[in-house]
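Derivation of every value follows stated rules applied to the coordinates shown; laboratory data play no part. Values in this document were obtained by computation on a predicted structure and should not be read as measured data. Cβ atoms come from the backbone with ideal geometry, glycine included; neighbour counts cover every protein chain shown.
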Amino acid sequence: MLIDLKIWLKHFEYHAGRRVVLPEGRPYTLTDCERRRIAKSIATFQLGEQSEGRSLVRAAYEYERRHDEAPVARVIELLIEEEQQHATLLGAFMGQHGIACKNKDWTDGIFRFVRRQAGLELYLSVLITAELIGKVYYRALECATDCKQLQALCRMMVADELAHIGFESDLLRTMRARRSHFARFLISVTHRLFLASTALAVWVTHLRVLRHAGYRTRSFMRTCNAQYSFYLGSSLPADRTSWKRA
């Protein structure tokens, strides 16, 4: 086993006991223009963060049983709890600034459908795709308004996403290292294509926020692909501290 699950368990247990709270800020400090720019976009990401992850947890326990790799399921449970905390924080911010939540969105529905189709490796591949693009998105959202509260919240979200991506990429590369070189090549090509199509959907859906942050179609796609290359570009798990530098 190439991944050190005990290190990741300690990390997520530590942060589980020290949940972050919404940074202080005055309600309704967004201008009407800023609210129109981000409202639908942030509501879509808030919806995506609130998944209960039951299918993922079941897949994790099955993987743990078959490969004797405890405590992978517990780490994933703690990761899901952090994601749900993200939804709570985003929801609290939206409530303070008069932004309505969404109950459904076509992009979220597609992600949920694909994640349920197979075992842990595919589920993680879909999840890390969302997190890699989400990391780019939250940095763009930070630039989308002059609201200091939202800027601080985005930085907090990115800090958590860095650890999530670090764990997920570490586990994925451990799983893929068991496969043949040709199989790893096919998986990499397929995953990059899926990331590219997802990034394009995010670009179309969140155009106003991303353009305001200075992105154009090519630069956004290139940035998302660079995230994949950094975390999953090689077949072996990353250095234990490299995820902190991305």
How much length is gained if the chain between Arg216 and Thr88 is pulled fully straight, taking 0.36 nm per residue apart and subtracting their Cα-Cα distance, in nm to one decimal? 43.0 nm
First measure r as the distance between the Cβ atoms of Arg139 and Arg178, then evaluate 1/(1 + (r/R0)^6) with R0 = 41 Å and state the FRET efficiency to the nearest 0.05. 0.75
Contour minus Cα-Cα distance for Thr190 and Leu207 (0.36 nm per residue): 3.6 nm
Whole Å is fine, so just give me how far the alpha carbon centre of region 42-97 lies from that of region 127-168. 15
For the chain, state the average projected area of the convex hull of the C-alpha atoms over all orientations, rounded to one decimal in nm². 12.5
Starting from the Cα of Lys135, draw a straight line to each of the lysines and keep only those under 20 Å, dropping any in the same chain fewer than 8 residues away. Lys40, Lys148, Lys244
Burial ordering of Ser125, Ser169, fewest other beta-carbon atoms within 10 Å first: Ser125, Ser169
